[in-house]
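The values are calculated or read from the model by the stated rules, or taken from the named source; none is laboratory data. What you are looking at is a predicted structure, and each value in this text was computed from that prediction instead of being measured. When we count neighbours, we look across all protein chains shown, and the Cβ atoms used for this are built from the backbone with ideal geometry, even at glycine.
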Amino acid sequence: MSVSIHVENVVKQYGPVTIIPDLSVDIRNGEFFTLLGPSGCGKTTLLRMIAGFNSIEAGTIRFDEQVINAIPAHKRNIGMVFQNYAIFPHLTVRKNVEYGLQFREVSKAEIATRVDDILKTVRIEEYQERLPERLSGGQQQRVALARAIVVHPSVLLMDEPLSNLDAKLRVEMRGAIRDIQKKVGITTVYVTHDQEEALCISDRIAVMREGVIQQIGAPQAIYARPANIFVATFIGHSNLFKATLAGGELRFTPGYACNMGGQVRPDANEGQVVAGVRPEEFHLSDSATGLAARIVKTTFLGRYVNYELAFADAVLLPDQAAIEFSQDIGTAKKVFEPGETIHLEVNPEKINVFAEDGTSLMRGAVS
Amino acid sequence: MKLGKLLSSPRDFWFWTTLCIAALFIVFLVYPLFSLFTSSFVDPETGGFTLTHYAQFFKKRYYYRALLNSMSVTACVTVLAVLIGAPMAYLTSAFQIRGKRMVDVLIIVSMLSPPFIGAYSWILLGGRSGVITTFVSEYFGMQMPTIYGFTGILLVLTLKLYPFVYLYVSGALKSIDVSLSEAAESLGCDPIKKVFTIILPLVTPTVLAGGLLVFMNALADFGTPMLIGEGFVVMPVLIYSEFVSEMGGQANFAAALAALMVVLTCLIFLGQKYVVNKKSFTMSALRPMKPTTLAPVPSALAHVFIYGLVFLSIIPQLTVIYTSFMKVNGVVFTSGYSLDSYRIIFDKLGTAITNTYLYGLAAILIIVLLGMFIAYLATRRRNLITSVIDTFTMFPYIIPGSVLGITLLLAFNKPPIVLSGTAMIIILAFVVRRLPYTLRSSAAILYQISPSVEEASISLGCSPMKTFFKVTAIMMLPGVMAGAILSWITVINELSASVILYTGGTRTMSVSIYTEVIRASYGTAAALSSILTLTTIVSLMIFFKLTGGKELAL
């Protein structure tokens with residue numbers, strides 16, 4: 001039976017180094033939950049604490065009501081998919097999948113049917129008598145998934161399972177993983193550093209940084225209303241502007257401001273703020289109003305054109321990797337060349353406003 | 001087709017090198033083996049073809065029993081060595097063992113020491129007038145079980161050879177990614193079942209390879225059964241004694257015995273290859289196993305097991321070093337300590353010491369050059385001839401030293417090439433027997449060097465030969481040197497071939513130790529052994545320095 005996972009105030013230390021200072025999260029029964037963050041943020045550490053391969057220095061982890069801190073990994077009834085798949089090289093595909101069942105009270109006949117079923121589900125039936133050496137990366141991935149699911153684990157744990165595959169296979173496999181997870185309805189904790197993968201595969205995402213969860217939410221919610229500047233720039237791209245907030249109006253330059261309507265929280269402090277504008281949240285101004293920008297580089301990407309911009313006035317926050325505007329080719333009248341100057345306005349419904357300490361001032365931005 | 005590839009290849013540096021090496025192999029390995037087989041069929045009286053030598057072997061119980069003895073003691077040694085070496089490797093790899101580094105060094109020292117000092121130290125301890133025997137009978141009035149014969153050979157060879165299994169399996173365990181072990185646990189497997197369902201099957205090919213090495217070494221060992229075997233005659237001892245006693249006339253019967261050994265070891269070698277090939281798979285560990293802490297009681301037991309074994313294996317060295325400082329009167333030990341033994345060997349056996357280093361260095365120079373060239377040809381210029389050469393270099397692994405000694409002597413004691421009694425023939429035996437270590441490690445490092453590095457050099461206008469010496473050879477150097485040191489250590493400790501090939505002027509330290517032990521001059525033997533052990537330890541330290549403390553690749 002699938003379970004919910006409750007992580008309460010857990011701490012992880014390696015010697016004097018604290019990886020996770022104090023982390024709590026509740027993962028619902030049956031959901032696809034992703035831990036997302038840059039490398040070294042503690043996401044794999046947390047996953048391995050749930051699996052039982054890392055010790056828990058303080059706090060508790062519960063599966064439903066049962067505290068699992070002291071239960072060794074092999075008694076936690078988990079299914080784990082490893083980054084390098086960890087397929088047993090001396091066993092055939094079928095033997096690999098059967099492996100976990102021999103430690104459970106399952107009859108021979110049932111083992112056979114369950115293995116047959118899962119091999120069919122992950123579409124590797126025809127390779128079942130092969131040794132893993134002769135399988136491609138994608139096939140090995142499917143074996144690993146089948147092997148983890150066939151034991152009917154309480155939770156399925158996946159540690160960057162797609163990072164060793166090529167781009168095309170990655171897209172294919174993430175669809176397959178998502179479908180299979182929904183079909184068997186098992187609580188899944190998935191670790192990745194790839195934000196695109198996290199957005200398309202998850203029910204909910206926890207964005208982590210330096211051992212602290214920055215925000216938990218559904219993919220669209222996190223993308224639309226990031227809880228802080230880190231999330232806004234880590235998930236998707238955000239151009240950051242210096243702006244002032246006064247009476248519901250967000251002013252970029254003396255000549256350009258926009259009315260935020262009711263999007264900003266009423267209790268937000270007015271004054272200096274940071275505006276986060278995603279490349280698709282700009283649109284070309286009909287007149288010469290808005291923010292004047294010079295095109296530095298034009299990249300044609302088929303469905304849209306990506307422009308790298310340089311703004312005339314000192315409106316930007318310093319030290320940003322790139323300032324981008326993407327123009328939807330379906331509605332574009334013209335593709336601009338480098339050196340041309342354009343005027344841009346922002347979409348007040350979409351953009352985000354952050355306080356100077358980085359936290360969001362928007363309604364509906366829940367961390 | 002492959003031969004065609006060679007013939008059509010450009011007449012460059014590598015073409016001529018291939019031909020030179022092929023010629024060397026034909027003269028110094030193929031021709032001697034060929035003469036060994038032919039002379040085993042020659043009737044010494046008439047010079048005609050005969051099968052009497054083989055018939056004689058299988059008819060007389062005294063002869064064929066040597067073969068049965070060899071097989072039984074070798075099989076027991078192999079099983080015991082695996083049963084000791086493999087669990088020990090698992091314990092030291094999976095769990096925290098105090099002083100693991102020291103344990104490794106002592107095990108390697110005991111493995112690489114001269115093959116027979118184990119036998120003679122155990123005689124000093126547990127022999128008829130040995131320290132332990134005397135002690136037990138004086139204080140307890142009990143009779144110790146005899147150490148001579150089967151038991152002694154089993155004890156000495158097991159203690160000397162289990163390190164092969166230990167080192168091999170330790171290496172294999174390092175190549176198992178920890179995620180495999182974690183995957184097993186995540187699927188509900190407990191730690192003990194994990195060892196038998198995952199770890200053991202994964203290292204089985206390595207255990208077999210280590211077992212084979214033990215088997216071959218135990219089967220070929222001459223010094224140990226000669227000293228401690230007494231009535232329990234094994235094949236190498238039989239070959240030696242038949243050969244020595246026949247030296248006046250023809251050595252055809254000994255040749256037949258040697259040929260039998262070659263056939264036997266070839267069969268075993270091929271059989272093992274077949275099994276391993278069927279079972280093998282490639283592994284590489286991104287995250288190797290990390291030792292974890294054991295609970296106090298199992299941890300104490302593991303430490304007792306490991307320390308106990310290491311102590312038993314290092315006893316011969318300790319005994320030898322201790323006795324080398326004992327006062328002697330003639331060949332009899334008296335109470336007190338002195339440097340007499342050392343004085344005597346420098347006076348009387350000085351040439352043996354200089355011979356060992358001179359021949360050893362000469363052999364190593366040739367080994368390094370040949371090793372680099374053959375490794376290069378076999379990995380980068382594969383064709384029929386280089387493949388054949390590569391296969392032939394495996395021969396020394398499977399030909400017992402005494403057999404090689406006889407082979408070379410039979411081939412080179414008559415025109416066209418007469419080498420018997422010269423230093424050349426001893427150096428030749430060293431090169432043939434110990435080349436594989438350097439060759440293996442040179443080939444291993446070549447596989448890690450991208451061919452494009454050479455191509456870059458050639459594209460910049462450097463000739464292939466210059467490229468080899470300026471670029472490839474320099475990049476290969478760490479691997480070559482690591483192998484060369486192993487070759488060196490095993491060269492200076494070589495006994496079974498040189499004991500057949502030496503004459504008064506060309507004796508080496510190992511030979512002298514052997515002859516000193518035979519004439520019961522234990523003090524001088526101990527002093528010589530101590531020098532040899534010291535050289536071995538210093539060489540090992542250089543090896544670890546060079547390889548940055550990596551493990552031995554045998």
Checklist outcome for this item: Scanning segment B:381-397 for residues that are among the hydrophobic types (A, V, I, L, M, F, W, C) and in a helix (DSSP H, G or I) gives B:LEU384, B:ILE385, B:VAL388, B:ILE389, B:PHE392, B:PHE395
Item to check | Unique residue being closer than 29 Å to A:THR341 by Cα and at pLDDT below 90 when the list is A:GLY262, A:GLY247, A:GLY255 | outcome: A:GLY255
Item to check | Residue count, segment B:198-241 (criterion: surrounded by fewer than 24 Cβ atoms within 10 Å (Cβ to Cβ), more than 14 Å from chain A (Cβ to nearest Cβ) and polar (S, T, N, Q)) | outcome: 2
Checklist outcome for this item: For segment B:372-403 the number of residues that are of a type outside the set (A, V, I, L, M) and touching a Ser or Thr at 6+ places or on another chain (Cβ under 8 Å) is 8
Next on the checklist: For the structure I just gave you, tell me whether B:VAL203 is at pLDDT 85 or above, farther than 17 Å from B:TYR162 by Cβ and either part of a loop (DSSP other than H, G, I, E, B) or of a type outside the set (Gly, Ala, Ser) (or both).
Outcome noted: no
Checklist entry - Do you know which residues across segment A:96-139 are within 14 Å of chain B (Cβ to nearest Cβ) and among the charged types (D, E, K, R)? => result A:GLU98, A:ARG104, A:GLU105, A:ARG114, A:ARG130, A:GLU133, A:ARG134
Item to check | Selection count, segment B:212-271, where residues are part of a helix (DSSP H, G or I), touching a Pro at 6+ places or on another chain (Cβ under 9 Å) and of a type in the set (Val, Ile, Thr) | outcome: 5
Checklist outcome for this item: Filter segment B:316-343 for residues that are in a helix (DSSP H, G or I) and in contact with a strand residue (DSSP E or B) (Cβ under 8 Å, 6 or more places away or on another chain); the one that is surrounded by the most Cβ atoms within 10 Å (Cβ to Cβ) is B:SER341
Checklist entry - Assuming A:GLU105 fulfils every condition listed in (1) part of a loop (DSSP other than H, G, I, E, B); (2) surrounded by fewer than 20 Cβ atoms within 10 Å (Cβ to Cβ); (3) under 20 Å from the mean Cα position of the chain (by Cα) apart from one, which condition is it? => result (3)
Checklist outcome for this item: Across (1) free of Cβ contacts under 8 Å to residues at least 12 places away in the same chain; (2) buried (at least 24 other Cβ atoms within 10 Å of the Cβ), B:GLN143 clears everything bar (2)
Checklist entry - Is there a residue in segment B:185-195 that is surrounded by 24 or more Cβ atoms within 10 Å (Cβ to Cβ), within 14 Å of another protein chain (Cβ to nearest Cβ), assigned to a helix (DSSP H, G or I) and not acidic (Asp, Glu)? => result yes
Next on the checklist: So, A:VAL106, is that one more than 14 Å from A:ALA146 (Cβ to Cβ), out of contact with any strand residue (DSSP E or B) (no Cβ under 6 Å at 6 or more places or on another chain) and of a type in the set (A, V, I, L, M, F, W, C) or not?
Outcome noted: yes
Item to check | Subset tally (residues that are of a type in the set (A, V, I, L, M, F, W, C) and either part of a loop (DSSP other than H, G, I, E, B) or within 15 Å of B:ASP12 (Cα to Cα) (or both)) for segment B:447-464 | outcome: 4
Next on the checklist: Can you find, within segment B:448-494, the residue that is nearest to the chain's Cα centre (by Cα) among those that are polar (S, T, N, Q) and surrounded by fewer than 15 Cβ atoms within 10 Å (Cβ to Cβ)?
Outcome noted: B:GLN448
Checklist entry - Based on what the data block shows, is B:ILE366 outside any loop (DSSP other than H, G, I, E, B), modelled with pLDDT under 90 and surrounded by fewer than 19 Cβ atoms within 10 Å (Cβ to Cβ)? => result no
Checklist entry - Which residues, taken from segment B:180-219, are within 21 Å of B:LEU294 (Cα to Cα) and of a type in the set (A, V, I, L, M)? => result B:LEU180, B:ALA183, B:ALA184, B:ILE192, B:VAL195, B:ILE198, B:ILE199, B:LEU200
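Residues checked against (1) away from every other protein chain (no Cβ under 14 Å); (2) part of a strand (DSSP E or B); (3) modelled with pLDDT under 90:
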site: A:GLU8; (1), (2), (3): yes, yes, no
site: A:PRO38; (1), (2), (3): yes, no, no
site: A:ILE61; (1), (2), (3): yes, yes, no
site: A:LEU91; (1), (2), (3): no, no, yes
site: A:ARG94; (1), (2), (3): yes, no, no
Item to check | Residues of segment A:46-59 satisfying the condition of being without any contact (Cβ under 8 Å) to a residue 60 or more places away in the chain and within 14 Å of chain B (Cβ to nearest Cβ) | outcome: A:MET49, A:GLY52, A:PHE53, A:ASN54, A:SER55
Next on the checklist: Looking only at segment A:29-59, count every residue that is farther than 17 Å from A:GLY79 by Cα, out of contact with any helix residue (DSSP H, G or I) (no Cβ under 6 Å at 6 or more places or on another chain) and not acidic (Asp, Glu) and tell me the total.
Outcome noted: 9
Next on the checklist: Going residue by residue through segment B:166-178, is there one that turns out to be within 14 Å of chain A (Cβ to nearest Cβ), without any contact (Cβ under 8 Å) to a residue 12 or more places away in the chain and surrounded by fewer than 22 Cβ atoms within 10 Å (Cβ to Cβ)?
Outcome noted: no
Next on the checklist: Test of understanding: among A:PHE82, A:PHE33, which residue is within 7 Å of chain B (Cβ to nearest Cβ) and within 28 Å of A:ARG114 (Cβ to Cβ)?
Outcome noted: A:PHE82
Next on the checklist: Considering only residues that are within 24 Å of A:ALA288 (Cα to Cα) and part of a strand (DSSP E or B), which ones fall in segment A:247-273?
Outcome noted: A:GLU249, A:LEU250, A:ARG251, A:PHE252, A:THR253, A:TYR256, A:ALA257, A:CYS258, A:ASN259
Next on the checklist: I'm checking my understanding of the structure. Among residues of segment A:140-149 that are more than 10 Å from chain B (Cβ to nearest Cβ) and closer than 14 Å to A:PHE88 by Cα, which one is surrounded by the fewest Cβ atoms within 10 Å (Cβ to Cβ)?
Outcome noted: A:GLN140
